[in-house]
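Following: one structure in structure tokens, then a few remarks.
The values are calculated or read from the model by the stated rules, or taken from the named source; none is laboratory data. Bear in mind the structure is a predicted one, so any value in this text is a computation, not a measurement. Cβ placement follows ideal geometry from the backbone for every residue including glycine, while neighbour counts extend to all protein chains displayed. Each accessible area value is taken on the protein alone, full model and side chains, heavy atoms only, with ligands, DNA and RNA left out. Shrake-Rupley method; radii C 1.70, N 1.55, O 1.52, S 1.80 Å.
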Amino acid sequence: MSPAAISTECVIIGAGPVGLFAVFELGLLGMKCEILDSLAHPGGQCTELYPDKPIYDIPALPVCGAKELVDRLLEQIKPFHAGFHLGQEVTGLAKLPSGRFEIETSAGTRFDAGSVIIAAGLGSFQPRRLMVPDAERFEGTQIHYRVRRAEDFHGKDLLIAGGGDSALDWTLEFCGKARSVALVHRRAEFRAQPASVVRMKELASAGKLRHLEGTIQSLSVDGDRMTGASILGRDKSTTDVRCDLLLACFGLHPKLGPVANWGLALEKKALRVDTEKFGTSIPGIFAIGDINSYAGKKKLILSGFHEAALAAFGVQHYLYPEKRQFLQYTTTSPIMRERLGVAPPD
Ligand SMILES: Cc1cc2nc3c(=O)[nH]c(=O)nc-3n(C[C@H](O)[C@H](O)[C@H](O)COP(=O)(O)OP(=O)(O)OC[C@H]3O[C@@H](n4cnc5c(N)ncnc54)[C@H](O)[C@@H]3O)c2cc1C
């Protein structure tokens, strides 16, 4: 029997900076939510694409690292105890005749939500795939883009491709545990931590692993098994590498993905919204941050924060239409201070 759906006032799809701030705005208005992301960690583009870069246009923070911004947002939303569901992509979203929403993730988690805020940014981050003939056939069996269980790689002939931290970290991790490890990267320079590169080169010099400069050109196949790969070197030489498993760490890229299939009006590959409450074409579903489109839209974190505040009022009105809405300040509102878990105003 599938587990019961989690019931909540609002599901937020996307735990990027804008989705995280929506938790805060809903919380201030006294509403509970669950937040979901296909990535294993919160922060969206900030943590996935530029964690160490400084941001200079967040109000009142003259400079703030992208990862630091996410950490600050996580701290700010703590009082509201949102449920986090990471590492699962939202695959299904449907409106029920009752006006509530049914949401399902790739991990089979189900939600029964009163409303939905889509804060899906540029889309769901997907691994960049190995684009050589036959690769698709072996994806999920002998070709992997992430390590789910490290033990599955032990005792195997392993080819790792890539030049970033993931490729280097797994090369070092599996050296001595896999039967053999070969690392292939298209350039001499790596994007990984310099210390990892130094260690990898030491192990290669000691004959504990192979390091090849080049690109995977083709796969060797014997019946229904992949048995190796052919590497085209920068000097145009070809080297055959035996492998049972190939781990391709080419990074992630965002893809609009399932969001496009939920029957919502699209405009410029984004969700069309009004600018009063950032409602989509389906009442009860709101869209904020980089995923939405309206006249004058600017894909900035600052704009997303504003949209989150107005969408929270939109959610409140959708759920409780009879409730009178009025603006309260965190400075002076006893109820907001109580929700924030801070002392009442003097
Ligand atoms: C290099 C770089 C520098 C930048 N610098 C600045 C700057 O200085 N100032 C500024 O204001 N902006 C900057 N930006 C833009 C800023 O990062 C974005 O505007 C911001 O991240 C948008 O936030 P978001 O929450 O809307 O979306 P995102 O950060 O894209 O987060 C969306 C999240 O939704 C998840 N998701 C999508 N679809 C699904 C699904 N179906 N199921 C589950 N999860 C899903 C994704 O995995 C992702 O984590 C920069 C961007 C880049 C790339």
Has region 74-83 got at least one residue that is away from the ligand (no atom under 13 Å from the Cβ), open to solvent by less than 50 Å² (accessible area, probe 1.4 Å) and in contact with an Asp or Glu (Cβ under 7 Å, 6 or more places away or on another chain)?
yes
Test residue 242 against the stated conditions and say whether it is more than 25 Å from residue 126 (Cβ to Cβ), touching a residue at least 60 places away in the same chain (Cβ under 8 Å) and among the charged types (D, E, K, R).
yes
With 87, 92, 99 as the choices, which residue is under 27 Å from residue 264 (Cα atoms), open to solvent by less than 50 Å² (accessible area, probe 1.4 Å) and more than 13 Å from the ligand (Cβ to nearest atom)?
99
Would you please list the contacts, defined by Cβ atoms under 6 Å and residues six or more apart or on different chains, that run from a residue in region 73-92 that is closer than 23 Å to residue 146 by Cβ and of a type in the set (Val, Ile, Thr) to a residue that is open to solvent by 70 Å² or more (accessible area, probe 1.4 Å) and not in a helix (DSSP H, G or I)?
91/104; 91/106
How about region 102-126: which of its residues are open to solvent by 30 Å² or more (accessible area, probe 1.4 Å) and part of a strand (DSSP E or B)?
102, 104, 110, 112, 126
Among the residues of region 48-90, the number that are in a strand (DSSP E or B) and under 13 Å from the mean Cα position of the chain (by Cα) is 4
Of the residues 8, 91, 47, 109, only one is farther than 28 Å from residue 340 by Cα and out of contact with any Ser or Thr (no Cβ under 6 Å at 6 or more places or on another chain); which?
109
Matching option when the condition is open to solvent by less than 20 Å² (accessible area, probe 1.4 Å) and modelled with pLDDT under 95, among 69, 28, 49, 39:
39
Could you tell me which residue of region 36-50 is nearest to the ligand (Cβ to nearest atom), considering only residues that are closer than 21 Å to residue 298 by Cα and in contact with a helix residue (DSSP H, G or I) (Cβ under 7 Å, 6 or more places away or on another chain)?
44
What is the residue count in region 127-142 for residues that are of a type in the set (Lys, Arg) and either part of a loop (DSSP other than H, G, I, E, B) or within 20 Å of the chain's Cα centre (by Cα) (or both)?
2
Failed criterion for residue 255 (all others in (1) more than 10 Å from the ligand (Cβ to nearest atom); (2) modelled with pLDDT under 95; (3) basic (Lys, Arg); (4) in contact with a strand residue (DSSP E or B) (Cβ under 8 Å, 6 or more places away or on another chain) hold)
(1)
The lone condition residue 167 fails out of (1) of a type in the set (Gly, Ala, Ser); (2) surrounded by 22 or more Cβ atoms within 10 Å (Cβ to Cβ); (3) not in a helix (DSSP H, G or I) is (3)
Within region 196-227, the count of residues that are more than 21 Å from residue 166 (Cα to Cα) and in contact (Cβ under 8 Å) with a residue 12 or more places away in the chain comes to 8
